[in-house]
Amino acid sequence: MLPARRPYRFSVARYEQMIASGILTENDPVELIREEIVQKMPIGDEHFACVIGLNRLFQRRLGDAATVSVQNPIRLADSEPEPDVTLLAPRDDDYASGKPRPSDIFLVVEVADTTLDYDREVKLRLYAENGIGEYWIVNLADRSLEVYRQPRPDGTYREARTLRPGELVEVQALPGTTFPVGDLV
């Protein structure tokens with residue numbers, strides 16, 4: 001009988017040391033999820049276009065009210081995921097002093113086509129456990145927007161709803177800032 005294999009775990013600090021020393025580079029399609037280095041899925045054309053559209057829409061509408069971060073890491077307790085889009089509290093140093101943490105984050109957005117189950121299960125749980133106040137999944141397959149709010153420590157969100165084109169969605173941390181769902185999906 002062969003011994004069970006366990007993945008080798010990396011702390012966030014160790015992961016960041018690997019990046020600083022050049023072992024991992026920005027060209028490596030990986031992120032740290034629950035102390036494991038996980039390969040990210042390749043991005044298809046529709047996903048790519050959606051992220052570009054979200055970036056443009058958020059930049060235009062939000063101006064200086066939020067910093068729009070695209071496919072950049074955020075620092076959580078045991079992870080350093082790279083959400084498709086993150087709306088951050090503006091900082092004078094543009095986060096040069098350190099990656100955004102949950103208290104800096106207004107909204108995390110994942111665009112899902114082939115990763116829908118992963119975004120609903122693994123990423124949702126991770127974001128809720130770390131106190132990310134609002135999480136959206138742009139569901140390209142169903143042309144809908146899944147909105148999750150009010151995180152709980154057990155890895156769930158108290159509020160979960162699905163919106164469709166024709167409806168409006170408001171960014172909870174930016175009251176009065178609404179978007180037509182059709183512009184997001």
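The values are calculated or read from the model by the stated rules, or taken from the named source; none is laboratory data. This one's a predicted model, so the numbers in the text were calculated from it and none came from an experiment. So basically every Cβ, Gly included, is an ideal-geometry build from the backbone, and we count neighbours across all protein chains shown.
The table below gives the values:
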| quantity | calculated |
| --- | --- |
| Of residues in the stretch 115-125 being aliphatic (A, V, I, L, M) and under 17 Å from VAL147 (Cβ atoms), the one modelled with the highest pLDDT | LEU124 |
| Residue that is surrounded by the fewest Cβ atoms within 10 Å (Cβ to Cβ), among those in the stretch 1-59 that are of a type in the set (D, E, K, R) and in a helix (DSSP H, G or I) | ASP45 |
| Residue list for the stretch 9-46, restricted to those being among the basic types (Lys, Arg) and within 28 Å of ASP113 (Cα to Cα) | ARG34, LYS40 |
| The listed residue being part of a loop (DSSP other than H, G, I, E, B), under 20 Å from GLU170 (Cβ atoms) and touching a residue at least 24 places away in the same chain (Cβ under 8 Å), out of PRO83, PRO100, PRO73 | PRO83 |
| Candidate set from the stretch 60-70 (those that are among the aliphatic types (A, V, I, L, M) and not in a helix (DSSP H, G or I)); member that is nearest to the chain's Cα centre (by Cα) | VAL70 |
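Here's the yes/no breakdown for (1) of a type outside the set (D, E, K, R); (2) touching a Leu at 6+ places or on another chain (Cβ under 6 Å):
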| position | (1), (2) |
| --- | --- |
| LEU116 | yes, no |
| GLU121 | no, no |
| LEU124 | yes, no |
| LEU145 | yes, yes |
| GLY155 | yes, no |
